[in-house]
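Please read the structure below before turning to the comments.
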Amino acid sequence: MTTELIEMSPVFGLMISLLTGFGLGLAFFWGLWLTVRSLGEARHPGLRVAVSLLLRLALAVAGLLWLVRLAGLGGGLAGALGFTLARWVVARHARPRTPEREPGT
């Protein structure tokens with residue numbers, strides 16, 4: 001039924017693909033952020049980074065391949081765009097806050 005819905009409304013299918021890619025990107029980059037933040041207290045930081053990378057890559061690749069299979073190449077591209085937008089959002093929100101300077105200092 002899902003593929004019939006996408007075939008009847010290509011714009012709806014692209015929007016769902018974009019949102020799915022965005023969700024995959026949020027999970028990927030949020031996981032990266034959590035991994036980097038936890039490296040200070042890790043007993044084996046290299047192992048933590050490697051396991052995190054493998055899990056995040058498996059999720060992202062499986063999700064994007066599923067999108068391509070379900071919605072075609074256009075859906076896969078929309079998912080990749082959503083993934084990239086999520087990177088931008090996480091990068092903007094994960095920055096450390098810098099205190100505002102008073103004028104004249």
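Can you work out D for region 1-96 in µm² s⁻¹ from Stokes-Einstein, where Rh is the Kirkwood radius over C-alpha pairs, the temperature is 20 °C and the viscosity is 1.002 mPa s? Let's see the in-between values first.
Values: Rh = 14.2 Å.
Here the translational diffusion coefficient equals 151 µm²/s.
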Revision key, fill the gap. Between the modelled labels at A42 and A91 (7 Å from Cα along Cα→Cβ) the distance in nm is 2.2
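Each value in this text was obtained by applying a stated rule to the coordinates, not by laboratory testing. All values reported here derive from a predicted model rather than from experimental measurement. Because the Cβ atoms are built from the backbone with ideal geometry, glycine has one as well, and the counts that use them run over all protein chains shown.
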